[in-house]
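The values are calculated or read from the model by the stated rules, or taken from the named source; none is laboratory data. Predicted model only: the values in this text are computed from it and were never measured. Here the Cβ is made from the backbone with ideal geometry for all residues, glycine too, and neighbour counts use every protein chain on show.
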Amino acid sequence: MRTAVLLAIAIVMLVVWIFPVAWGLLTSFKTERDVLAYPPEVIFEPTLVNYHDVFFGGASIVPNLISSLIISGLTTALTMLFAIPAAYALARLDLPWKRATGFWVLATQMLPPVGLVIPYFLLLRKVGWTDTYQGLVLVYLTFALPFAIWLLVSYFEEIPREMEEAALLDRAGRLRALWHVILPQAKGGIAVTVIFVFLNSWNEFLFAVVLGGNTVRPVTVAMFNFISLEQTQWGRLAAAAMVGMAPVIALGLLAQQHIVKGLTVGAVKGGGRR
Amino acid sequence: MRERRFALALFLPAFVLLVATTTLPLIYLLWSSSQRIDLTMPWMSGTAGLENYAKLGGDTRFWQSLKLTLIYTGTTVVLQVLIGLGLALLVLQVRAGQAILRIGAILPIVLAPVVAGLFWRSLVLAPDFGILDFVTRALGLGSYNWLGDPQLALVSVIAIHTWQWTPFAFLVLLASLAALPPDLYEAARLDRAGPWQRFRHITLPLIRPAIVIVVILRMVTALSAFAAIFAATGGGPGSATEILNLYAYRLSFTELNIGYGAAVAAVLLLITLSVAFFLFALRRAR
Amino acid sequence: MKVDGGRRRTLAALGAFAGAPWIARYAHAQDLGAYQSAKINWRQAEGESITVAVIPAGYFDALEKVTPEFEALTGVRVRYDKVPPGQIRQKAILDLTAKSGTYATHAADPMYYDLYVSNKWIDPIENYLGDAKLTDAAWYKADDIIPAWRGANSVGNRLYGVPFDGESTLQIYRKDLYDAKGLKPADTLDDVAKNAKAIHDPNNRVWGAALRGFKGAGQNMYIYPSIFRGFGGNWFSGGALRVNSQEGVAALEWYVNLLSQYAPPAVRNWNWPDLADAFSQSTLGLYIDANTSASVLNNPERSKVLGKIGYARWPRGPSGKRVSSIWNWGFPINAALSEKAKRATWLFISWATSAETQARTSWKASGAAKRLGLNRLSLWQSKEFAALAGNLGTNFLPASIESMRDDLDVEWRPKMPQWPAVGETMATAIQAALVGQQKPKEALDEAQGRIAQILKG
């Protein structure tokens, strides 16, 4: 009985939750006329013309998808490479001036992006790195690193100390201990961090517009091809948005399995008994 | 000693990278806030010392923006954590279709904020033309100008932001909850502790670090929220939804008064740091 | 050279799915005779490569399509960087202020020229127009370019950007609804309200009138100035900017009253595309906005009002003046370029704004959408254009031409380097009054105070 109620609540919440995205999905199959129809149409004759234009038309976003993949892929990979060791050190090891440096790392996250656009533009210009992947990824790293480090810190802190102590006793295998013992324990946390680092850089707009250009043009910028000054092509915009969401959802699907690995059958956390 | 070196070796790469890439921009920000850099009046450029900051005092738009920011940030962060935590607890209990729930729950955040803002503005919230209006009328609740009425507009953008970002709180706390060792509960159950007490005294303290981090990170995002509000209201109607971040953007990039805009950004930084410092202390208070 | 894989891929996609136009393009590419009749050496900047920042829009797409002809003609390579309209000014300004010379030229907002010039970021066009080696005056006919647009792009009577594409604002109304009630398009601002009242029928989802409400210097502050000038307002009194004069308040009150009574409530957040959408869905009786919306309104894919559209000039205000907006996207020359690059840029600009290219991006263009916002009066009056514009709606051509000839007012918006800040402040005030947050007089008084602050520095 209780399960049924909970399930019902869950379904209602889900419907309200995903409604705008679902509506976007519907819109992507509508002709422009149907989009603007009032009362809003749920039943209509679907068309693939929007997706056709988005993939094959003059303003095809396929090159931009690739651009986004490169940017977000590089950012995520590099971030995790630097952040995992750093987070572990902060969480569990004897780092000199741990609290101060830890807070400083978090503080760099607080720099308001609005205030950073101009200095980053000028700096990249100086080095000739505007409209390059390395330039934009470098800037994205400065936002992603503190974020990832601190997310990971809270997950590393949850790992029972006994497990670590046992692993670290073997002095020669400190790194191996980290790799084989600690990391698998934090798999869920790492998966979540990967999703959000990827997502944040995938959806980023302001820096991509200012620091990018012809070569570095992610999907978020390219979508504006459909929001021209004359009119908003809702159908194509929706299709572009859906296509833009696809890689992240795919990543999410892959990563989310790792999030709840600790769930054993019948066990319940923090709530009641079934 | 060995551990110290190991620790440093792990930590230094990220640290050095961050120092290298954030120090110069921070210095530039602070420097430009002490200058008069107004592109629209280049003949007036020069040092201004603390003048830009002094100007803030008499700028009603700044104070209003500050007030809006506090309301906006406070409300959306609290809502995000409450709903996110609730959702996470719910999902853990419902065994059937968990994967669907988990994927469904993160959909709002996967939609690009700029598109989300546009969709909400023109297709959902517009009175007489949007879906929400259609639904409220059909339910006999009347019609509201969600984005055109100054009070409602603030509510609407808070709702949009909360809708978009709660999935973050949800997933992070879900991962946190899922990683808790199950044997703790055995002990508690044996003590005949009820579910609420189990939650309050065992679960909550254990996930407190995660909650605090979520709060801090969500606060940072709320304070630097831009794309969705900009697309939905442009900071309007009037300046009813112009949070400090939008105000700094308008000053620097629309009015081209870069010095003054930098000062506002610096104040924003100060506020963020102070709140984070306070919350950070909470993290450790065991 | 940087890898421009993105552009290559897009071109490949374009090529794969646009067979016929490719053939046509190559055919055209050989037909450079129209340009070569100009007595200048088109190849004097051969080998240069320039980047041009534009917004995503049909008229720039059309230009991009014919750019291979330019490249064949001059040996100058052109790359387009499409920047979203909300960011193009900022991106151009960042480039100009850093003197990096990334954008040889860009699609510029005419209200920004004062800003550019006071920062010495762009070169006066006369240097290039007057140079016989760079311009064949008889062939180019600079005076044919719409005078008011040139005036808008000038600072102190010197031209700084050559208009490429532009528009004027007109009344766009439902001819069928007006005819049914025996109404004529409004001649005065009072008539607008009367007409709106006559056809206002919100229960059947038809609203009498609508104007832009969305806050922005280029949004609601694009329509208000026409009303302001119609009421006889002057932006400068005694050399100082004054926005809260009697006429200013009267104009804002008219704006607010019209919209509160006859426009759908959503109008407060509506920008031009939203108005066009609403009109094309037959929910508006009238709106006043750019004449180039004609192409959107006549798009059979979206529009329900084909054949029911009428156009008319701006109504006269109490002062007797009819003032339309002056908008054009013009191309300035970045002062930070090398001499040769500047010449290459000028060749590009003069090519793009020449009568021949204007025609080739309009009625001579392949594809369904044809440019309407041509920059030369002679082209507007040509029979080819008349054929093109013929079925856009009743009175489209006469209204547009008259509007561009007689209703353009160079004092339409306050021309000053501080325009970006001033425009935004006014836009906020207008919207605040619209939503009832403040009364028009209050809103303008507050705007005046803020503007005074801004001007003080």
task: May I ask you to verify whether A:Gly212 is small (Gly, Ala, Ser), at the interface with chain C (Cβ under 10 Å from one of its Cβ atoms) and more than 30 Å from C:Leu96 (Cβ to Cβ)?
output: no
query: Among the residues of the stretch B:65-81, is there at least one that is farther than 26 Å from C:Glu424 by Cβ, out of contact with any Gly (no Cβ under 6 Å at 6 or more places or on another chain) and within 9 Å of another protein chain (Cβ to nearest Cβ)?
result: no
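Within the stretch B:94-104, identify whether any single residue is touching a strand residue (DSSP E or B) at 6+ places or on another chain (Cβ under 9 Å) and either among the charged types (D, E, K, R) or more than 7 Å from every other protein chain (Cβ to nearest Cβ) (or both), and answer yes or no. Break it down into steps so the answer makes sense when it comes.
Of the residues in the stretch B:94-104, the ones touching a strand residue (DSSP E or B) at 6+ places or on another chain (Cβ under 9 Å) are none.
Looking through the stretch B:94-104, none of the residues is touching a strand residue (DSSP E or B) at 6+ places or on another chain (Cβ under 9 Å) and either among the charged types (D, E, K, R) or more than 7 Å from every other protein chain (Cβ to nearest Cβ) (or both).
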message: Scan the stretch C:205-213 and tell me whether some residue there is out of contact with any strand residue (DSSP E or B) (no Cβ under 8 Å at 6 or more places or on another chain) and closer than 26 Å to C:Gln453 by Cβ.
response: yes
statement: Counting only residues in the stretch B:58-104 that are in a loop (DSSP other than H, G, I, E, B) and among the aliphatic types (A, V, I, L, M), the one surrounded by the fewest Cβ atoms within 10 Å (Cβ to Cβ) is identified as B:Ala96
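Take the residues of the stretch C:444-457 that are touching a helix residue (DSSP H, G or I) at 6+ places or on another chain (Cβ under 7 Å), more than 8 Å from every other protein chain (Cβ to nearest Cβ) and among the hydrophobic types (A, V, I, L, M, F, W, C): which is farthest from B:Ile258 (Cα to Cα)?
Top of the filtered list is C:Leu444.
Can you tell me which residue among B:Tyr260, B:Tyr249 is more than 7 Å from every other protein chain (Cβ to nearest Cβ), over 16 Å from the mean Cα position of the chain (by Cα) and among the hydroxyl-bearing types (Ser, Thr, Tyr)?
B:Tyr260
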task: Report whether or not A:Gly135 is on the phi < 0 side of the Ramachandran plot and at pLDDT 90 or above.
output: yes
message: Out of C:Gln358, C:Gln381, I need the residue that is closer than 24 Å to C:Tyr35 by Cβ, under 17 Å from the mean Cα position of the chain (by Cα) and not hydrophobic (A, V, I, L, M, F, W, C). Which one?
response: C:Gln358
- prompt: Going by the conditions given, is A:Ala86 closer than 16 Å to A:Ile190 by Cβ and more than 9 Å from chain B (Cβ to nearest Cβ)?
  reply: no
- request: Could you name every one of the helices (runs of 4 or more DSSP H) located completely within the stretch A:103-203 that has at least 3 residues being of a type outside the set (A, V, I, L, M) and closer than 30 Å to B:Arg218 by Cβ?
  value: A:113-127, A:133-157, A:187-203
- prompt: Within the stretch B:142-184, how many residues turn out to be buried (at least 24 other Cβ atoms within 10 Å of the Cβ) and within 22 Å of C:Leu434 (Cβ to Cβ)?
  reply: 7
task: Could you tell me which residue of the stretch B:185-224 is modelled with the lowest pLDDT, considering only residues that are within 10 Å of the chain's Cα centre (by Cα) and within 8 Å of chain A (Cβ to nearest Cβ)?
output: B:Ser224
query: How many residues are under 17 Å from the mean Cα position of the chain (by Cα) and either buried (at least 24 other Cβ atoms within 10 Å of the Cβ) or closer than 22 Å to C:Tyr103 by Cα (or both) when one looks only at the stretch A:130-146?
result: 7
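Would you mind stating whether C:Gly151 is of a type outside the set (A, V, I, L, M, F, W, C), in contact with a strand residue (DSSP E or B) (Cβ under 7 Å, 6 or more places away or on another chain) and not assigned by TED's automatic domain parsing to the domain that holds C:Ile401?
no
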Enumeration of residues in the stretch B:71-119 that are without any contact (Cβ under 8 Å) to a residue 24 or more places away in the chain and of a type in the set (D, E, K, R): B:Arg95
- prompt: What number of residues in the stretch B:1-58 are within 30 Å of A:Ala89 (Cα to Cα) and either charged (D, E, K, R) or touching a Lys or Arg at 6+ places or on another chain (Cβ under 8 Å) (or both)?
  reply: 5
- request: Would you list the helices (runs of 4 or more DSSP H) that sit entirely within the stretch C:239-341 and hold 3 or more residues that are touching a helix residue (DSSP H, G or I) at 6+ places or on another chain (Cβ under 8 Å), touching a residue at least 40 places away in the same chain (Cβ under 8 Å) and away from chain B (no Cβ under 14 Å)?
  value: C:246-262, C:293-297
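Say whether the condition of being within 15 Å of B:Pro13 (Cα to Cα) and in contact with a Pro (Cβ under 6 Å, 6 or more places away or on another chain) is met by at least one residue in the stretch A:57-71.
No, because not a single residue in the stretch A:57-71 is within 15 Å of B:Pro13 (Cα to Cα) and in contact with a Pro (Cβ under 6 Å, 6 or more places away or on another chain).
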query: In the set A:Met110, A:Met163, which member is at the interface with chain B (Cβ under 9 Å from one of its Cβ atoms), over 23 Å from C:Asp81 (Cβ atoms) and without any contact (Cβ under 8 Å) to a residue 24 or more places away in the chain?
result: A:Met110
query: B:Trp163: modelled with pLDDT of 80 or more, within 25 Å of C:Ala276 (Cα to Cα) and either in a helix (DSSP H, G or I) or touching a Pro at 6+ places or on another chain (Cβ under 9 Å) (or both), yes or no?
result: no
- request: Any chance you could count how many residues in the stretch A:36-58 are aliphatic (A, V, I, L, M) and away from chain B (no Cβ under 14 Å)?
  value: 3
